[in-house]
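Here is the structure we will look at.
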Amino acid sequence: MALVGPTDAAGVAGLMGILRAGAVAAPVPDGLTSREVALALEVLAPSLVLRVAETIATDELFPAPDRDPEGPAVVVLTSGTTGRPNGVVL
């Protein structure tokens, strides 16, 4: 899942929510041009794109899913200064 939004507390909460759901997170920071976001989404090819809300609040706790400790958790993009950015799986 691509997560488009700021790298603040709400962004971290969104990232943690994706991981808690058992999905692979691909953060796309705010501040990119529309062309850069389009290229990031082309490279990542996410199954779902989420936008971080300004505030995230919940009183509910959800159990952590069973995750493969060796499986992918996050995909980050390289800067792409010498060409297309690449996704790096963590």
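The values are calculated or read from the model by the stated rules, or taken from the named source; none is laboratory data. Every value quoted in this text rests on a predicted model; they were computed, and no experiment measured them. So basically every Cβ, Gly included, is an ideal-geometry build from the backbone, and we count neighbours across all protein chains shown. Each accessible area value is taken on the protein alone, full model and side chains, heavy atoms only, with ligands, DNA and RNA left out. Shrake-Rupley method; radii C 1.70, N 1.55, O 1.52, S 1.80 Å.
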### Task
May I ask for the net charge around V28, where only other residues with Cβ less than 12 Å from the Cβ of V28 are counted and Lys, Arg are +1 while Asp, Glu are -1?
-2
### Message
How tilted is helix 9-20 with respect to the longest principal axis of the chain? Cα atoms for both, answer in degrees (0 to 90, nearest 10).
### Response
70 degrees
### Message
On a 1.4 Å probe surface of the protein chains, which of M16, M1 comes out largest in accessible area, and what is the full order?
### Response
M16, M1
### Task
With a point put 7 Å past each Cα toward its Cβ, work out how far R35 is from E70 in nm, to one decimal.
4.3 nm
### Query
Which one of A23, L39, V12 is farthest out on the positive end of the charge dipole of the chain, using unit charges on Cβ (Lys, Arg +1; Asp, Glu -1) and the Cα centre as origin?
L39
### Query
Can you pull the accessible area of T81 for me, 1.4 Å probe, Å² to the nearest 10?
120 Å²
### Query
L50's amide H: which non-local residues (gap 5+, or another chain) put their own amide H closer than 5 Å, with H modeled 1.01 Å from N in plane and none for Pro or chain starts?
A2, L3, V4
